[in-house]
Structure formats: C-alpha cells, structure tokens
Amino acid sequence: MNEIIGEVMKETLTAVFEKSPYGYIGYVEELPGANTQGETLEETRNNVIEAIELVIQSNRQLAEEELSLQPDVIKEQLGNIAA
C-alpha cells in the first residue's frame with residue numbers, strides 16, 4: 001500500500017519468517033530478491049533489513065549502468081520510504 005503525504009512516500013513492506021532446521025529464513029513479499037537466513041529470529045529480522053538495502057543498492061547500480069547508455073533520460077527522486 002502506497003500513501004503519499006507531502007513529499008514523503010510511505011510504503012508498507014511485509015517480512016515473512018519461516019522456521020527451518022537451521023534457524024530461520026526470511027524474505028520480503030513485495031521485494032523479490034530480499035531473502036536471508038539467521039540462527040535466531042532476531043538475527044533474521046536484522047538480516048532482512050540488510051537484504052532490503054542490498055537489493056535496492058544493486059537495482060540502483062544496474063539501472064545507472066543501463067541509463068548511462070541512453071542520452072535522453074530524466075531522473076527524479078520520488079521521496080523517502082519511511083518505516
């Protein structure tokens with residue numbers, strides 16, 4: 001669900017955690033590729049945040065490389081994602 005208030009966009013993400021024989025696995029429903037694991041639920045929660053950051057960083061880098069080949073591109077920041 002997106003909600004734009006002023007210049008801040010708020011996005012709700014859903015983390016899913018599953019118990020495994022080795023601890024927990026976690027992923028974000030709305031963000032493919034944001035997957036992780038940990039020995040404890042708390043460790044897995046922290047790892048999910050890191051996975052989100054890494055997926056966004058990787059996607060940004062891939063987009064920058066692709067856009068650098070296109071001369072007529074306009075980029076605008078949409079706002080911040082608030083927790």
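Bear in mind that the values in this text are calculations on the coordinates, not laboratory data. All values derive from a computational prediction rather than experimental measurement. Using ideal geometry, Cβ is built from the backbone for each residue, glycine included, and neighbour counts are taken over all protein chains shown.
How high is the relative contact order of the chain, in percent, with contacts defined as C-alpha pairs under 8 Å that are six or more residues apart?
Here the relative contact order equals 29 percent.
Starting from the 7 Å offset along Cα-to-Cβ, what nm value, one decimal, do you get for the label separation of residue 35 and residue 58?
1.0
Would you work out which of 22, 69, 34 lies farthest towards the positive end of the dipole of the chain, given +1 charges on the beta-carbon of Lys and Arg and -1 on that of Asp and Glu, about the Cα centre?
Result: 22.
With 22 Å as the cut-off, how large is the P(r) tail for the chain, expressed as percent of Cα-Cα pairs?
41
What number, in percent, do you get for the relative contact order of the range 26-67 if the mean sequence gap of Cα pairs under 8 Å and at least 6 apart is divided by its residue count?
Once divided by the residue count of the range 26-67, the mean separation gives 33 percent.
Calculate how large, on average over all directions, the projected area of the Cα convex hull of the range 26-67 is; give the answer in nm² to one decimal.
If I average the Cα hull's projected area over directions, I get 2.9 nm².
Hey, in the GNM for the chain with a 10 angstrom Cα cutoff, which one of 54, 41, 62 fluctuates hardest?
Residue with maximal mean-square fluctuation among 54, 41, 62: 62.
Search the structure for amide H atoms under 5 Å from the amide H of residue 34, placed 1.01 Å from N in the peptide plane, and list their residues when 5 or more places away or on another chain.
Result for residue 34 returns 28.
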